[in-house]
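What follows is a short report on a single structure.
All of the numbers you see were taken from the coordinates with simple rules; none came from a lab. Every value quoted in this text rests on a predicted model; they were computed, and no experiment measured them. Neighbour counts are summed over all protein chains in view; Cβ atoms, including those assigned to glycine, are modelled from backbone coordinates with ideal geometry.
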Amino acid sequence: MTLINASIKKLVIKDCQLHQKMIALYVVGGILGLAIFSMPYSYSFYMGCVILMTVMIAAGFHMINLTIINEKKEQTLPFVMSLPIRPVDYAMGKLITNLMVFMMPWAMLTLGLVFITLFGPISDGLLPFLLLISFQLVVNHIVVLSLTIITESEGWSIFVMVIVNLFLNPIIMLLARNPVFYEYFDKDEIFWSAGAGVMFSVQAAIVIFSLVAVFLLQARRRTFI
């Protein structure tokens with residue numbers, strides 16, 4: 001048995017084709033954010049950061065709503081049950097689709113962020129801070145995605161979306177006020193501190209735990225009911 005079989009591939013292709021215009025729209029919004037971020041003004045830096053975070057958060061959560069919550073609300077379960085597909089295949093298809101749709105634009109925009117920081121008017125010392133915040137968006141998305149696949153509940157999905165976004169601002173403020181970060185904000189020296197390494201390790205652990213939980217719990221299901 002392969003992890004990604006023909007049924008999963010068909011589910012992924014179907015979802016990507018259905019929502020490709022929406023994906024392209026968010027990519028355009030991200031490019032606009034990068035363009036504003038690259039301007040040599042303090043207000044454009046903050047505005048660009050806000051646009052980039054908003055686009056990435058909205059794209060991820062919008063796709064979760066379309067591919068998982070809406071399908072359940074529109075009563076597609078009887079149709080899914082008629083297909084030669086197992087619950088774990090269906091869950092993996094939704095997981096891979098949402099990760100692809102989120103991670104591909106995220107990677108492109110994050111690479112753009114790194115390029116502008118290193119070769120534009122932004123101080124290089126900001127890079128570790130910006131990368132940790134960018135990866136936190138991945139963590140938030142995967143936590144919400146995993147819980148939505150497991151529970152298939154619109155209420156829980158919305159609740160966790162609100163919680164992770166509420167915690168995003170305090171995380172940004174705590175990092176920004178940490179001397180191992182802010183002391184380098186106006187310098188062209190990139191310093192990856194031990195604290196930054198610890199935070200990245202915690203973020204990676206949360207991602208791995210969430211993905212493993214989805215696979216293990218869905219693998220135990222024998223029916224869609």
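Miscellaneous remarks
- Integer Hz, Karplus 6.51/-1.76/1.60 couplings in order for the range 191-206, x for Gly and Pro: 10, 9, 7, 4, x, 5, x, 5, 5, 5, 5, 5, 4, 5, 5, 5
- Pairs of lysines in the range 6-219 (C-alpha under 28 Å apart; 8 or more residues apart or interchain): 16
- Net length gained if the chain between D186 and A219 were fully extended (0.36 nm per residue, minus Cα distance): 6.9 nm
- Modelled FRET efficiency - R0 22 Å, A205 with M103, Cβ distances, 0.05 increments: 0.75
- Compactness of the range 6-219 is given as radius of gyration and Dmax, 18.6, 60 Å, from Cα positions.
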